[in-house]
Ligand SMILES: C[S@@+](CC[C@H](N)C(=O)[O-])C[C@H]1O[C@@H](n2cnc3c(N)ncnc32)[C@H](O)[C@@H]1O
């Protein structure tokens with residue numbers, strides 16, 4: 001496959017997954033955390049598909065298209081390892097959705113990122129909230145959903161924070177109830193997930 005085809009597939013998959021998660025958020029309160037502004041493409045799309053949500057954006061740089069610069073209240077500059085840990089006073093609500101687009105392409109850096117990022121995401125995510133990530137995360141007890149057809153395993157990861165009680169008794173309140181059968185509960189299979197990511 002040409003690099004152009006691969007690029008188009010990756011962005012198409014990202015768009016479909018963002019829209020899929022947006023549809024799942026109905027009935028779930030909370031803001032959105034966009035980890036990695038980059039060019040601003042996914043932030044711009046999130047603003048369109050989730051116009052009522054507050055979206056907080058994290059990056060160490062500002063290198064996006066001028067039309068996608070968040071206002072100063074919603075742009076959080078610096079190393080995410082620090083800013084996400086200490087953004088509590090600014091971001092008062094838990095997140096209904098965290099989108100993390102922080103893959104570096106280097107397996108060692110990505111492993112390190114997953115390891116510090118996972119507990120921080122867990123801390124800021126509301127119950128029943130979703131995480132879409134380009135890197136596998138160590139989110140013990142979360143549900144991981146399989147990727148739809150056409151999206152290569154190891155390219156994206158979709159998780160939901162479902163409490164054990166709800167998972168066990170099958171009484172999920174929101175849209176996730178209908179979809180609960182799709183996913184599997186995360187245990188200690190992180191090593192395999194990382195192997196898949198490294199094989200991309
Ligand atoms: C792949 S780009 C994000 C692309 C974006 N989602 C888009 O659609 O345009 C990743 C971004 O994350 C930022 N980033 C990566 N690791 C970071 C870290 N540890 N702290 C702060 N920013 C980071 C980089 O500066 C870069 O802008």
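The values are calculated or read from the model by the stated rules, or taken from the named source; none is laboratory data. Not measured: the values here are computed from a predicted model. Virtual Cβ from ideal backbone geometry, glycine too; neighbours counted across all protein chains shown.
Among residues of the stretch 17-42 being over 15 Å from residue 160 (Cα atoms) and within 12 Å of the chain's Cα centre (by Cα), the one that is surrounded by the most Cβ atoms within 10 Å (Cβ to Cβ) is 34. Residue 66 meets the conditions (1) surrounded by fewer than 15 Cβ atoms within 10 Å (Cβ to Cβ); (2) within 16 Å of the ligand (Cβ to nearest atom); (3) within 29 Å of residue 150 (Cα to Cα) in every case but one. The failed one is (3). Entry remark, the stretch 22-60: residues being touching a strand residue (DSSP E or B) at 6+ places or on another chain (Cβ under 8 Å) and within 14 Å of the ligand (Cβ to nearest atom) number 17 in total. The residue that is farthest from residue 40 (Cα to Cα), among those in the stretch 98-109 that are away from the ligand (no atom under 11 Å from the Cβ) and in contact with a helix residue (DSSP H, G or I) (Cβ under 6 Å, 6 or more places away or on another chain), is 107. With respect to (1) more than 12 Å from the ligand (Cβ to nearest atom); (2) modelled with pLDDT of 95 or more; (3) surrounded by fewer than 22 Cβ atoms within 10 Å (Cβ to Cβ), the lone exception for residue 112 is condition (1). Going through (1) within 14 Å of the ligand (Cβ to nearest atom); (2) touching a strand residue (DSSP E or B) at 6+ places or on another chain (Cβ under 7 Å); (3) free of Cβ contacts under 8 Å to residues at least 40 places away in the same chain one by one, residue 80 falls short only on (3).
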